[in-house]
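The structure appears right after this line, and notes come after that.
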Amino acid sequence: MKKYFFIAVFFLTLFAACTKDVPDAAACFSVDVTETTDSTHLFMFHNCSEEFQSLRWDFGDGNFSEDENPAHIYNAHGSFTVRMTAMNDEGETSSAQAAVVVGYYEIEKIVFRKTWASFAPPKFVAVNYSFFPVYDTLFSLADLPLTVLPDANSTFTLQEQSTPLLYAETDYTGNGGDRIFDLTISSVIDRKADVDVMFPPADTAKFTLYFRIVAQ
């Protein structure tokens with residue numbers, strides 16, 4: 001009986017010595033940015049996977065790559081799920097994914113820093129383009145700076161290189177004035193744009209538009 005026991009132990013030991021222990025693949029990657037308004041942006045993907053033999057990238061737009069650190073341009077607006085699959089020598093796989101957005105700027109809020117000094121208190125009537133009206137926001141000069149949020153039904157997306165907007169102020173009697181100004185994509189820095197609207201002869205309204213990036 002002992003003879004058979006030692007034979008079994010011998011073969012188990014031999015089998016264990018001949019078996020290759022292949023580590024599991026661990027998929028991992030990063031990307032230079034996850035949101036942009038530039039449809040021609042070159043997304044740079046960096047592989048940080050471990051114990052892999054091969055990689056396959058799915059960029060979520062019908063394009064694929066097997067490069068270790070690929071780059072990709074979408075040339076379109078939208079939200080895309082990037083999926084990377086790492087495979088080890090045994091054919092075992094591990095996956096990681098991330099969402100990237102190529103979108104448009106949408107106004108999130110307006111912060112007024114100064115209003116037309118000719119009116120005390122002034123009444124902000126409109127920053128109006130597309131479907132973004134903000135009406136009847138009443139405040140006094142003592143309230144500045146004042147944050148104004150769009151209502152649930154308002155939308156504004158900056159889709160053109162230059163977009164005209166209307167800013168107007170009026171007092172309780174209806175006296176006032178308005179000015180058209182151009183908002184450009186290049187004027188949006190760190191998702192905000194400072195605007196100065198001149199009212200002759202020497203008055204200026206100042207406010208900051210804050211944006212978020214949305215996919216459409």
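Observations on the model:
- Reported count of residues in segment 40-60, each being under 27 Å from ASN75 (Cβ atoms) and surrounded by fewer than 14 Cβ atoms within 10 Å (Cβ to Cβ), is 5.
- Condition met for ASP89 (of a type in the set (D, E, K, R) and surrounded by 17 or more Cβ atoms within 10 Å (Cβ to Cβ)): no
- Scanning segment 185-199 for residues that are in contact (Cβ under 8 Å) with a residue 40 or more places away in the chain and not in a strand (DSSP E or B) gives ILE185, VAL188, ARG191.
- Of the residues screened, PHE112 is one that is aromatic (Phe, Trp, Tyr), surrounded by 17 or more Cβ atoms within 10 Å (Cβ to Cβ) and either modelled with pLDDT under 90 or in contact with a Pro (Cβ under 9 Å, 6 or more places away or on another chain) (or both).
Every residue, every condition in (1) under 20 Å from the mean Cα position of the chain (by Cα); (2) modelled with pLDDT of 70 or more; (3) closer than 26 Å to ALA99 by Cα; (4) assigned to a loop (DSSP other than H, G, I, E, B), yes or no:
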site: ALA142; (1), (2), (3), (4): no, no, no, no
site: GLU160; (1), (2), (3), (4): yes, yes, yes, yes
site: PRO164; (1), (2), (3), (4): no, yes, no, no
site: TYR167; (1), (2), (3), (4): no, yes, no, no
site: GLY177; (1), (2), (3), (4): no, yes, no, no
site: PRO201; (1), (2), (3), (4): no, no, no, yes
site: ILE213; (1), (2), (3), (4): yes, yes, yes, no
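The values are calculated or read from the model by the stated rules, or taken from the named source; none is laboratory data. Just so it is clear, the structure is predicted and the values come from calculations on it, not from any experiment. Cβ atoms come from the backbone with ideal geometry, glycine included; neighbour counts cover every protein chain shown.
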